[in-house]
Amino acid sequence: MEVILIMCAGILISKIYFPIKWKRVNELLQLVCTLLLIFSMGVLLGSRDDFLTSLSELGAKSFLFFLLPSACSVVAVYPLTKLFLEKKSRKEED
């Protein structure tokens, strides 16, 4: 949870305090920080004694964390798209 709060604070700070001319530097800084975060998470997972035995469980959890939000997004967006795009296309035809 702390990681998400820190990332949100970084986005907010970059939106408020970084001038447009530093946009490229800001993008590179965000990329480096993200790569550092992924690396440190890998080191944390790799340092577990039971990492190889719990790998399948972690993979299943990761798959569910991918599948459930993706499926729910499709289920929510599809009817909304039909609803709003049909209204827009009917207005354009009239």
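Results, tabulated for the structure shown:
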quantity	calculated
Surface accessible to a 1.4 Å probe, per residue, for the residues of the chain, Å²	93 Å²
Span-rule helices in the chain, defined as complete DSSP H runs reaching 24 Å or more along the axis (Cα) with Kyte mean at least -0.5	23-46, 51-93
Alpha-carbon gyration tensor eigenvalues x 5, square-rooted, for the stretch 1-47, Å	25, 13, 4
Within the chain, helix-based [θ] at 222 nm, where runs of 4 or more DSSP H residues each add -39,500 (n - 2.57), nearest 500	-31500 deg cm²/dmol
SER14 paired with LEU58, simple spin-label distance in nm, labels 7 Å along Cα-to-beta-carbon	2.6 nm
Within the chain: Cβ-based charge dipole about Cα centre, in debye rounded to nearest 20 (Lys, Arg +1; Asp, Glu -1)	480 debye
Along each principal axis, Cα extent of the chain, largest first, Å	66, 43, 19
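The values are calculated or read from the model by the stated rules, or taken from the named source; none is laboratory data. Computed from a predicted model, the values in this text were never measured in an experiment. For neighbour counting, all protein chains shown are included, and Cβ atoms are generated from backbone atoms with ideal geometry for every residue, glycine included. For accessibility, only protein heavy atoms count, side chains too; no ligands or nucleic acids. Shrake-Rupley method; radii C 1.70, N 1.55, O 1.52, S 1.80 Å.
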